[in-house]
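Student: Below is a structure I'd like to ask you about.
The values are calculated or read from the model by the stated rules, or taken from the named source; none is laboratory data. Remember, it's a predicted structure, so these values are computed and weren't measured experimentally. Please note: Cβ atoms are built from the backbone with ideal geometry, for glycine as well, and neighbour counts cover all protein chains shown. Ligands, DNA and RNA are excluded from the accessible area calculation, which covers all protein heavy atoms including side chains. Shrake-Rupley method; radii C 1.70, N 1.55, O 1.52, S 1.80 Å.
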Amino acid sequence: FSGLTSLTRVDLRGNPGSPFTLTLQLDRTDDTDDTASGPATIVVKVAEGAPFDMTVGLSVTGGTLSSSSVTIAKGSTQSGDITVTGTGQVTVSLGAAPAVPSGYRSIQTAVGNALVLF
């Protein structure tokens, strides 16, 4: 769905593998080593691209976040940057998977694992 900013309807009923799962994942973008010292910059990604605006809450243990929620815009593969600060081990988790709007059939959303930093 990446780049399909004018997409208004998806109907995948009857396709093998249906329903298709769009999984949101946390990713550190300022360093390839998640355990490198912080602060850290992270994003939320969806590999397939977002067929609709996808908003998800964020929570943190042992640190602070620059935002408590993010949106992956329709047609994009990732959210804007979030800054994570803290000392010692910091764990960032995604909230509930975004709801699928009406008009999008045979798609479901899910959230990936927590991201452990520092």
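Student: Answer with a single label: of (1) 14.9; (2) 15.3; (3) 17.0, which was calculated as Kirkwood radius over Cα pairs in Å from the structure in view?
Tutor: (1)
Student: Ok, one more. With the full set of protein chains in place, find how many percent of the accessible area of the chain is carbon and sulfur; take the probe as 1.4 Å.
Tutor: 47
Student: For THR29 and THR5 in the same chain, what is the full-extension length gain: residue separation times 0.36 nm, less their Cα-Cα distance, in nm?
Tutor: Going from the current span to full extension adds 6.2 nm.
Student: In sequence order, what are the phi-derived ³J(HN,Hα) couplings for region 61-68 according to the Karplus relation 6.51 cos²θ - 1.76 cosθ + 1.60 with θ = phi - 60°, rounded to whole Hz, with x for glycine and proline?
Tutor: Going residue by residue, I get 10, x, x, 9, 10, 6, 8, 9 Hz, with x marking Gly and Pro.
Student: Is there a quick way to get the dipole size of the chain? I mean about its Cα centre, with the Cβ of Lys and Arg at +1 and of Asp and Glu at -1; what is the value in debye to the nearest 20?
Tutor: Around 520 debye, computed over the chain.
Student: How large is the dipole of region 13-57 about the Cα centre if only Lys and Arg carry +1 and Asp and Glu carry -1, each at its Cβ, rounded to the nearest 20 debye?
Tutor: Roughly 320 debye for region 13-57.
Student: Using a Gaussian network model on the chain with a 10 Å cutoff between Cα atoms, which of SER18, SER37, SER93 fluctuates the most?
Tutor: Result for the chain, Cα springs under 10 Å: SER18 fluctuates most.
Student: Starting with the highest mean, order 9-16, 28-35 by the number of other Cβ atoms within 10 Å, averaged over the residues of each peptide.
Tutor: Peptide ranking by packing, descending: 28-35, 9-16.
Student: Also: State the answer as a single residue: which of LEU7, VAL46, GLY63 lies farthest towards the positive end of the charge dipole of region 1-98, with beta carbon charges of +1 for Lys and Arg and -1 for Asp and Glu, about the Cα centre.
Tutor: LEU7
Student: Moving on. Considering only DSSP beta bridges with both partners in the chain, what is the antiparallel share in %, to the nearest 5?
Tutor: Roughly 75 percent of the beta bridges in the chain run antiparallel, per DSSP.
Student: For the chain, modelled as a GNM with alpha-carbon contacts under 10 angstrom, which of GLY103, GLY86, GLY62 fluctuates the most?
Tutor: GLY103
Student: With the other protein chains left in place, how much accessible area per residue, in square angstrom, belongs to region 44-86 at a 1.4 angstrom probe?
Tutor: Heavy-atom SASA per residue in region 44-86 reads 42 Å².
Student: Stretched out fully, how many nm does the piece from THR87 to VAL116 gain, at 0.36 nm a residue minus the Cα gap?
Tutor: Additional length available on full extension: 9.2 nm.
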